[in-house]
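Let me begin by presenting the structure, written as C-alpha cells, before commenting on it.
The values are calculated or read from the model by the stated rules, or taken from the named source; none is laboratory data. Predicted, not measured: the structure shown is a model, and the values here were computed from it. Here the Cβ positions follow ideal geometry from the backbone for every residue, glycine too, while neighbour counts run over all protein chains shown. Accessible surface areas use protein heavy atoms only, side chains included; no ligands, DNA or RNA. Shrake-Rupley method; radii C 1.70, N 1.55, O 1.52, S 1.80 Å.
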Amino acid sequence: MAVNFQPIYILASGGSRAVEQLDTITNNIANANTSGFKKILMREMSQKIPENVGQTGDLLVFPRFRDTPVINNQGALIKTDNPLDVAIEGEGFFNVETNVERFYTRNGHFSINNEGFLVDQNGGYILDTNRQRIKLDTNGRVDITTKGEIYQNGRLVATLRVVNLQNLQPVGNGYYNGQEQATERYTLRQGFLEGSNVNIVKEMVEMINSHRRFDIYMNLAKSLDQLEGRLNEIGKA
C-alpha cells in the first residue's frame, strides 16, 4: 500500500512555522529592555493543494510563511536625565552611519566618542539634516530642542536628522531600513529614552501557545506515521 505523504508534509510545514514563530517571539523577549526596539510579528498564509492536476477543488491546505512586519507603535518614554539621551515622541527615526551603510534607529542612547563625534551605543555616527556627522566639544554643555537643534555653550552646532520610514525592515542591532519619508510629526525629548513596545506578558503567552502548537503537530505526525505503518502491514497480509 502506497504511503500518502501529503498529510505528513502538511504537519511538517505546520511544525516548521511553529519553530519560526518561537524564534520571532524569543527575539522579541530578548529585546524587551532594548531602547527603541519594535516588536516583530510573524504572519502566515494558507497554501492550497489541488487533489489532481487539471481538476478543481482543494484536497488539503497547509501553512506557509508570509512575512514578518514590524509593529511600529510608540514605546513608553523613560526619564534618564542624561543630556545625550534623546527619545522620539511620535513618528520618525534617527539616521545612523555605520561601517557598512546608513541605517535608522529609534534608540537615542547617544554618547561622544574619542574623536568628538556623536555616536549611538553601537558606535555608529549620528547624522544631521545635511547627512553629516555631528562633532561636539567633549566638555561643553549640550542642549537639544524638541525639533532636534543641538546647542553647545549657546551655539547651534547641528540639527538631528529625523525621517519616517515606510516598509520598515529590521536589520539587527536596533537598526532598521525602509523608504524615507519626510515628517514633522515628532517631538524630541532630551534626557529620555524610548522603551521597547514589547509586552513581555503577551509574548510569554504566545511562546507557550507556540510550544503547544509544535507539540500537537509532532504528535499528529507520529500518530500518522504509526497508522501508515499498520496500514502497510495490513496491505501485505
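The table for this structure:
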| quantity | calculated |
| --- | --- |
| Residue-count net charge about L77 - beta-carbon cut-off 9 Å; Lys, Arg +1, Asp, Glu -1 | 0 |
| Magnitude of the charge dipole, segment 130-170, Cβ model with Lys/Arg +1 and Asp/Glu -1, debye to 20 | 140 |
| With at most 16 neighbouring Cβ atoms within 10 Å, loop trypsin sites (Lys or Arg not before Pro) (DSSP) excluded, longest segment of the chain | 1-130 |
| Sites K135 and A30 - FRET efficiency at Förster radius 22 Å, r taken between beta-carbons, to 0.05 | 0.05 |
| Pair D67, V171: separation of 7 Å Cα→Cβ label points (nm) | 1.9 |
| Unit charges on C-beta of K, R, D, E only; dipole of the chain, Debye | 160 |
| Accessible surface of the chain [probe 1.4 Å, protein heavy atoms]: carbon and sulfur percent | 49 |
| Spatial separation of Cα centroids for segment 127-163 and segment 70-85, in angstrom | 18 |
| 5 angstrom amide H check on L77, placed H, neighbours 5+ away | G195 |
| Restraint check, K79/K135; K79/K147; K38/K79; K38/K222, Cα-Cα greater than 28 Å | K38/K222 |
| MRE, 222 nm, helices only [DSSP H, n ≥ 4, -39500 (n - 2.57), over the chain, to nearest 500] | -9500 deg cm²/dmol |
| Normalised contact order of the chain, rounded percent, pairs of Cα under 8 Å and 6 or more residues apart | 27 |
| Largest-first principal axis extents, alpha carbons of the chain, Å | 93, 37, 29 |
| Residue-normalised accessible area of segment 114-171, given per residue in Å² at a 1.4 Å probe | 55 |
| Net length gained if the chain between R212 and E149 were fully extended (0.36 nm per residue, minus Cα distance) | 17.6 nm |
| Distance between modelled label sites at I200 and A12, nm, 7 Å Cα→Cβ extension | 3.9 |
